[in-house]
Structure formats: structure tokens, C-alpha cells
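Report on the structure given below.
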Ligand SMILES: Nc1ncnc2c1ncn2[C@@H]1O[C@H](COP(=O)(O)OP(=O)(O)O)[C@@H](O)[C@H]1O
Ligand SMILES: [Mg+2]
């Protein structure tokens, strides 16, 4: 079945090389570095993490733990701390390392007395159990401790727990840069917290962290720039589109009907291998009968997709652009590729256009395809813009 949610197991296609690198490195006691996955939204970073987690579960000496910062609702350090402890305890429990009777994520809602009682059953050293109780208490509080301290204690816990169990904890923090948006009392915590976490992470012996991020600028701020707190702490890997044969495989498996070569090419051209688009348009097509998919039908499905989803997908990003950036993009959507052509269409001086192309490139909205030639990075976004101009 086509799906818009992250995939793993049988539904996960391609990327075998990258997966083997992730699983091989993270399961090897000799390796100490985790990964930073960088790639635009909807490219498949979460799916990659979840498939890596699935495969790592086969290794008795590794406990993989997954948490997405986008799952946070309140966006407070207390909430992150709670979610992290819950995810860690549950992962250790599922791996048979902790004999907890109930899922920790339920347990964290329980009254403290009950919680203490349940934890007494767990075979942990007194020191570690006390530490867990302290962090749990703090994570229920309303900001009695500095956020940096709360979060570094929460990160230290899985390290110590892994040490006691004689395993390694592979922690995946999806959409990690959102940590910069954590707030307490309405005020953002900012960078200091990330540095605190980094120092804690340096002390860890049994914890390997991997992170992902959808916005390059914020990934740079936390990890990819020399001045960033987590600089040089990760093996950095780009997550790009799927290759054409994987797109064909995805359609062949899930479409439930044949597809003509022309229709396939059209679909490939539209999606450019971005898995979310393939899943979405594929789903649309799978609902439309049994005959072979024609080019006209792909065209219709694409239009429907843009009508239904285009606004949701692109409007917000569009609103955040300046008037000049929009003019440049609109000219490009009409097919202009060089600064001078764009300048003529947008009625702006070529120098200004070149400057705005650089801004847009920093936001990864346009890419340079040759000397003095540019195009809109996402062809679906380009198409959405073109449709709006008509
Ligand atoms: N390897 C893959 N095989 C098939 N579909 C995929 C794959 N990776 C991602 N997808 C699909 O792409 C969409 C986005 O995936 P997701 O992992 O949520 O991306 P991201 O975390 O980068 O935003 C989902 O619809 C998912 O089902
Ligand atoms: Mg994701």
C-alpha cells in the first residue's frame, strides 16, 4: 500500500548501501561515531532511521532508541526529558534488558509513589535507580533546575543504563535542530543547552548519538559548522531522492494495475524520485480502476495532488519569502534559467537577480545547474508556481 507515513521493513525500498553503513557502524564496538542525516523534508530521513532501528534490534549488544523532536507538543525541556526517558526505558524493555511490567511511556504519567514502586522491581544498581528517580522528578517539575542540567542528566541516563546492561545505546534524535526552539516560560533556551549536551555527550562511554535535520541552515548551526556545538561529532550523510528503478519498484508493487512506459516517464519527471510525491500520486492512481495507467491519468492525478496538497506543502514557505525572491522564482517557474533572462522577465537589474539567486540557493530553493544557469530545486514546487501564474 502507498503511504504518506515513514516506512520500514518490507515497505522500505533502496538505500541499501547507506543502511549497511549505518547498521555496520552503529553496531560495531570499535566505532564511536554516529550519523547526521541531512536532507529536505519528505526525502525519507525518518524512514531511514526507523529501518536502521529495526535492523539494529537484531544485535543483542545494541539497544536502539528513536525519538523525534517533532513529536513534542509543549516544546519544553521537561517534556523532552520525559519523552527521552520514556523512549529509553521502553527500548531497553523491548530488548529484554529491563524487566518492566508496563510500558514506561504509560508509567511516566503514573503518580510518583506508584512509579517508585514499579522501579523497585527493576534490577538496577541503587545509584542508577536513584538517578532515574531524580531525573524523573525533575522532568515533572516546572523549571526548578536549569534546562541544560536537566537535559544533560537525561542524556547521561541512557549511557549509564547501557553501561550497567553491558550494551551500547544507539540514540536517534530525529529533527534534532528543533532543540533550539525549546522554550521555558515562553523564552527560547537557545544554543547554551546544545553546548551543555555536547559536553555531556563527550563524557558518554556507551552512547552513540545520531541526528537528522530537514533545514540545512539549522543543521549547520548545531553540527555542520566549525563553530557549532556538535561539529565533527557525526558522519554526515545526505539523503536525496530515490533512483528511478526504486520508483518503478514502488509503483509496480503498490499500484495494483499496469502502467504505460510514457506514464511512468511522466511520473518520474514530476516526482524526481522524491518518495513522498511518488507515494502520494501513486495512491491517487491506485484508486482509479484497473486498466493500465495512461499519461493523461498521471496528468490528472498530478493536478489533483497540487490542488489538494500544494497549498499545504508550499504556501507557508512562499509567505516567508521576500517580494523580490518571489519575483525571481516566478520568472524561473516560467522557464527562465539565466540571471539576465530572469532579470528581463522580473524587470529587475541582473545584479539584483544574481544576489537573490544566492539567497534562494542558501534556502535550497534553487540550484545552479551549470555556469550561469539555475533552476528551481523541487520540480513539484515549480509546477505549483507555474499553475498559479496561469
Ligand atoms: N526508502 C523508502 N521507500 C519507500 N518510500 C519511502 C522511503 N523513504 C521514504 N518514503 C516515503 O516518503 C515519505 C517521506 O518519508 P519520511 O521518512 O517521513 O521523510 P522525512 O523524514 O525526510 O521527512 C513517506 O511517504 C514515506 O513513506
Ligand atoms: Mg522525518
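Brief remarks follow.
- Note on residue 71 and residue 199: with the Förster distance fixed at 25 Å, the Cβ-Cβ geometry gives a FRET efficiency of about 0.45.
- Considered as an equivalent ellipsoid built on the Cα gyration tensor, segment 75-153 has semi-axes of 20, 13, 12 Å, the largest given first.
- The chain: angle of helix 244-254 to the longest principal axis, Cα-based, in degrees nearest 10: 80
- Where both bridge residues fall in the chain, DSSP classifies roughly 20% of the beta bridges as antiparallel.
- Taking a point 7 Å from the Cα of residue 344 along the Cα-to-Cβ direction, the residues of segment 316-331 with backbone N closer than 18 Å to it are 328-331.
- Three-way shape call for segment 1-89 based on the alpha-carbon gyration tensor, with the a/c threshold at 1.5: oblate
- Cα long-axis angle, helix 323-333 against the chain (0 to 90 degrees, to the nearest 10): 60
- Using the empirical formula 2.2 N^0.38 Å as the baseline, the Cα radius of gyration of segment 101-200 reaches a ratio of 1.16.
- Debye equation applied to the C-alpha atoms of the chain, log10 I(q)/I(0) at 0.06, 0.07, 0.10, 0.13 Å⁻¹: -0.29, -0.40, -0.77, -1.13
- Pairwise FRET efficiency - residue 28 versus residue 105, Cβ, R0 = 25 Å, nearest 0.05: 0.25
- Tilt relative to the chain, helix 126-140 - C-alpha long axis, 0 to 90 degrees, to 10: 50
- Annotation: peptides 71-80, 93-102, 120-129, 169-178, ranked by per-residue average of other Cβ atoms within 10 Å with the highest first, follow the order 169-178, 71-80, 93-102, 120-129.
- In this simple spin-label model, placing a label point 7 Å from the Cα along the Cα-to-Cβ direction at both residue 317 and residue 21 gives a separation of 2.4 nm.
- Mean-position separation - Cα centroids, segment 156-219 and segment 39-99, in angstrom: 12
- At R0 = 22 Å, FRET efficiency that the Cβ-Cβ distance of residue 390 and residue 299 yields, to 0.05: 0.90
Laboratory data are not the source of any read-out in this text; all were calculated from the coordinates shown. Since the model is a prediction, treat every value here as computed from it, not as a measurement. Using ideal geometry, Cβ is built from the backbone for each residue, glycine included, and neighbour counts are taken over all protein chains shown.
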